[in-house]
Amino acid sequence: MIDLIHTTLLGMKRGADVSAENTEAVIDAILACEDRRLLVELLSAWNEKGITEDEIYGFAGVLRNRCRRIRGHEDSVDIVGTGGGSQKPFNVSTAAAIVTAAAGQKVAKHGNRAATSRSGAIDVLSALGLEPSLGPASAEMNLRRHGLAFLFAPAFHRLSSKLADARRSLPFPTIFNCIGPLANPAFAEYQVIGTWSEDLVPKVASALHRLGTKRSLVVNGSNGLDEISINGTTIAAEVTAEGIRRYELAADSFGLEASKESLPKAECVAESAARIRSVFEGELGPARDMVIANSAAAIFIAGGADSLVDAADIAADAIDSGKTLEKLDILSAEVAIAA
């Protein structure tokens, strides 16, 4: 398998992509590799060559076929960023997932610990007093009971600690940032996926279309944001069985005013968790608007509203009525009882 990695590495340095027939073997070789230096060299060469649509589609397909699957909840929506964006806001998609569930949509959010950001979805969940589902049984229970499950990627996919170490040592995101959101163990038919670059939007959208999504939205916010932006434009690609439609979004697409303030950032997990709770408790400003816009996209894509503006109203009501904070407190209380 080491020989295959060396061969793949040499090919990438010459500009060669991973072929469809070699995809599964290359994944196995990467997961079996114990040489962190070699993995770093491979991922660096891949970054230099560029990630292709076929590679995203092929790798995601293998992960989907191999995962511990959650059955009967394909009508869920997932909202997730790929990470790797040049801006480092608080965990917007995690907050948006809770709001979306409080608004009545079933949410199966796939996530992991931080690899290219300061705070991954699972990291901030712990700080909020929540815990992820650690297998299909607990995920199915949470989806039935609460309409919300956080799916901890290593509990559903065979991953590699050496690969995780290699990714954390790199100053840029990798193909694994792209394929994680496409390998949701619930096979969620509705997704909102944020990418770290505009170039990836059509590639991820096309891969989603080939994988058979029912309705999804792939977005890239201005200035390298892997979320929907509320102080600039967002490139979007809406994917259905019929095809892909591209358009731009802005704050007024959701009935919101464009923010003149800098996007709220979080320097650590604790700051991100505190920001999320503040939004749920009624804090006004750009953090709230970012959560509302990204929640609205998930509500709209999942069929919970006829327009993004209506979906934003639903998301805002889920916060203002106290339903979102109640959802958070119920989930954290369950964890405390279990402990």
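Here, each number is a calculation from the coordinates, and none is a lab measurement. Model, not experiment: these values are computed from the prediction. Ideal geometry is used to build each Cβ from the backbone, glycine not excepted, and the neighbour counts take in all protein chains shown.
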_Please report the spacing between the Cα centers of segment 31-76 and segment 165-185 in Å, no decimals._
8
*Of the DSSP beta bridges with both residues in the chain, give the percent that are antiparallel, rounding to the nearest 5.*
50
*Which Cα, out of Ile51, Leu63, Ala274, lies furthest along the positive dipole direction of the chain (beta carbon charges, K/R +1, D/E -1)?*
Leu63
*Check: the chain dipole with +1 on Lys, Arg Cβ and -1 on Asp, Glu Cβ, in debye*: 800
*Could you calculate, for segment 1-156, the ratio of the Cα radius of gyration to the Kirkwood radius, expressed as Rg to Rh?*
1.02
*Residue-wise HN-Hα coupling along segment 226-240, computed from phi with Karplus coefficients 6.51, -1.76, 1.60 (Hz; x: Gly, Pro)*: 8, 8, 7, 8, 10, 10, x, 8, 10, 7, 10, 10, 8, 10, 9
*Using a simple charge model, +1 on the beta-carbon of Lys and Arg, -1 on the beta-carbon of Asp and Glu, nothing else, what dipole does segment 1-109 show about its Cα centre, in debye to the nearest 20?*
500
_For a Förster distance of 30 Å, can you work out the FRET efficiency between the beta-carbons of Ser169 and Ser19, rounded to the nearest 0.05?_
0.65
_Given Lys13/Lys109; Lys265/Lys327; Lys214/Lys323; Lys13/Lys106; Lys265/Lys323, the pairs whose alpha carbons are separated by over 32 Å_ = Lys13/Lys109; Lys13/Lys106
_Rounded tilt (10° steps) of 23-32 against the dominant C-alpha axis of the chain_ = 90
_Distance from segment 242-275 to segment 277-294 (C-alpha centre basis), Å_ = 10
